[in-house]
Amino acid sequence: GSATQFIEVPDLGKNHLALSGISLNGEYDKGGNSEALVQAGPALRRMRRGMVLNYGYAIYNIQLAPDNRPSLTTQIKLFYDGQPVLIGKEVSLKEQQTAKTKRIFAGGSIDLGANLKPGEYLLQVIVNDLMAKEKHRTSTQWINFEIVN
């Protein structure tokens, strides 16, 4: 057999805002089933209700203010069956250090709770660079995962 999957590789040479792929893993707040934790890793992405979903990504080609600090906002959206089930607030990404490399790493966590239905979900990350020209100010990335019983 064979399998195919398309990946999008941004052209970082154009100096436009870009995001890496999103890495996911799940964990229980207090202990939990070790087999479920294996399935909740970056490869399988099979989460269980009640887990905490951790996500991380890199932001490339950040435009910097004169003090070498970025001015970024981030927002997440969670979709089930094409419909949003969670729309996070747009928040400022607080970067404590200067970003002379024009690249930083970001991420967060989502409590999956007990109310989400089993099935396929999409996590969308949206990043806005307030220092960039309007045409290249926003970048977005998606990743799918599954919630199982």
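The values are calculated or read from the model by the stated rules, or taken from the named source; none is laboratory data. Note that this is a predicted model, so its numbers are computed, not measured. Note: ideal-geometry Cβ built from the backbone for every residue, glycine included; neighbour counts use all protein chains shown. We work out accessible area using only protein heavy atoms, side chains counted, and drop any ligands, DNA or RNA first. Shrake-Rupley method; radii C 1.70, N 1.55, O 1.52, S 1.80 Å.
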*asked:* Can you give the local net charge around Asn144? Use residues other than it whose beta-carbon is closer than 10 angstrom to its beta-carbon, Lys and Arg +1, Asp and Glu -1.
replied: -1
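What do you reckon, how do Tyr121, Tyr28 stack up by accessible area (1.4 Å probe), largest on top? The partial results should precede the final answer.
On the way: Tyr121 5, Tyr28 55 Å².
Largest accessible area first, the residues go Tyr28, Tyr121.
What does the charge count around Leu116 come to, taking other residues whose C-beta lies under 12 Å from its C-beta (Lys +1, Arg +1, Asp -1, Glu -1)? Can you show the working numbers first?
Details: positive: Arg48, Arg49, Lys117; negative: Asp81, Asp111, Glu120, Glu146.
Around Leu116, the surrounding residues sum to -1.
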_In segment 40-149, lysine pairs closer than 27 Å at Cα, eight or more apart or cross-chain_ = 17
_Listed residues Glu27, Glu90, Glu134, Glu146 arranged by accessible area, highest first, probe 1.4 Å_ = Glu134, Glu90, Glu27, Glu146
_Extension gain, Lys14 back to Ile104 (0.36 nm per residue minus Cα-Cα distance, nm)_ = 30.6 nm
_Order 64-76, 107-119, 45-57 from most to least packed using the mean count of other Cβ atoms within 10 Å._
45-57, 64-76, 107-119
_Gain on full stretching of the segment that runs from Ser71 to His136 - 0.36 nm per residue minus C-alpha separation_ = 22.0 nm
